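The values are calculated or read from the model by the stated rules, or taken from the named source; none is laboratory data. Predicted, not measured: the structure shown is a model, and the values here were computed from it. Quick reminder, even Gly has a Cβ in these numbers, built from the backbone with ideal geometry, and neighbours come from all protein chains shown. SASA here: full protein model, heavy atoms, side chains in, ligands and nucleic acids out. Shrake-Rupley method; radii C 1.70, N 1.55, O 1.52, S 1.80 Å.
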Amino acid sequence: LMDLLDEGVKRAEEKIREKCRDRDMTQAEMDAARDAVAYGGIKYADLSHTRTQDYIFSFDRMLDDRGNTAVYLLYAYARIRSIVRTSGVNDAAIRAYAEAHELLPLGHPKEIKLAKQVLKLSDVILTVLDSLMLHTLCDYLYQLSSVFTEFYSECYVVEKLDGQSTVNMHRLVLCDVTANAMEKALRILGITPVPKM
């Protein structure tokens, strides 16, 4: 098992460097991302399949950043955290906005779809507790990431016009809530999310 994990760490670091994602990270951030990708990829590959069926072990598949893999999910999580970070709005302001608005003014179909997907987390956890099938939580995470990608491609969180930036606060809150749901689900699976990748 140690040989398997060491090989995963080595390949994860090579993959991160190959994609030049290490350029904007400190060594500590690089180490955290490498370990999250390696250990998360191996765990997720095991947990994302029905536990009653076999699967084919493949490092290449585990470390792929496309499709239903831990790398894809970790990258989606890091991207959401980056959106929140680059908006310039701090956590306290996001919480204050959310508390001041009992109902977020969601009007775009992709906003509504994302909010509904986030709200499914508690039902999915109850299903997992009842069935002991963790792949259900993995499926939820993959769907949440996919729905977020649809949302982000159609709904501006930060709009830049004539050198001015405008933050759509309700969408920023939606981003933050999505990242929080992803973080909770990843931690349940034993995968450590990292804010930079």
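For this structure, a couple of remarks:
- Count of segment 31-62 residues which are surrounded by 22 or more Cβ atoms within 10 Å (Cβ to Cβ) and closer than 16 Å to Glu13 by Cβ: 9
- Scope segment 1-30; condition of a type outside the set (D, E, K, R) and open to solvent by less than 90 Å² (accessible area, probe 1.4 Å); matching residues: Leu4, Leu5, Gly8, Val9, Ala12, Ile16, Cys20, Met25, Thr26, Ala28, Met30
- Extreme residue, farthest from Glu150 (Cα to Cα), among residues of segment 160-180 that are touching a Lys or Arg at 6+ places or on another chain (Cβ under 9 Å) and open to solvent by 10 Å² or more (accessible area, probe 1.4 Å): Thr166
- Enumeration of residues in segment 12-41 that are basic (Lys, Arg), over 16 Å from Tyr72 (Cβ atoms) and more than 17 Å from the chain's Cα centre (by Cα): Arg17, Arg23
- Comparison of Ile83, Ile112 shows that the only residue that is open to solvent by 30 Å² or more (accessible area, probe 1.4 Å), out of contact with any Pro (no Cβ under 7 Å at 6 or more places or on another chain), under 17 Å from Phe151 (Cα atoms) and among the β-branched types (Val, Ile, Thr) is Ile112.
- Of all residues in segment 143-159 being surrounded by fewer than 18 Cβ atoms within 10 Å (Cβ to Cβ) and within 17 Å of the chain's Cα centre (by Cα), the one that is nearest to Tyr44 (Cα to Cα): Gln143
- When the residues of segment 181-197 are filtered to those that are open to solvent by less than 60 Å² (accessible area, probe 1.4 Å) and outside any helix (DSSP H, G or I), the one that is modelled with the lowest pLDDT is Met197.
- For Phe57: the one exception among (1) within 28 Å of Thr136 (Cβ to Cβ); (2) under 20 Å from the mean Cα position of the chain (by Cα): (2)
- As for segment 70-78, it holds at least one residue that is within 18 Å of Pro193 (Cα to Cα), among the hydroxyl-bearing types (Ser, Thr, Tyr), open to solvent by less than 80 Å² (accessible area, probe 1.4 Å) and in contact with a helix residue (DSSP H, G or I) (Cβ under 6 Å, 6 or more places away or on another chain).
- Contact map, segment 172-184: residues that are more than 25 Å from Glu159 (Cα to Cα) paired with residues that are not hydrophobic (A, V, I, L, M, F, W, C), Cβ distance under 6 Å, separation 6+ or inter-chain. Pairs shown: Glu183/Pro193.
- Pairing each residue of segment 1-13 that is touching a residue at least 40 places away in the same chain (Cβ under 8 Å) and of a type outside the set (Val, Ile, Thr) with any residue that is assigned to a helix (DSSP H, G or I) and open to solvent by less than 100 Å² (accessible area, probe 1.4 Å), provided the two are 6+ apart or on different chains, yields C-beta distances under 6 Å for Gly8/Ala38; Gly8/Ile42; Arg11/Phe59; Ala12/Arg34; Ala12/Val37; Ala12/Ala38.
- Those residues of segment 139-178 which are in contact with a Ser or Thr (Cβ under 6 Å, 6 or more places away or on another chain) and either at pLDDT below 95 or of a type in the set (A, V, I, L, M) (or both), in sequence order: Val158, Glu159, Val167, Leu172
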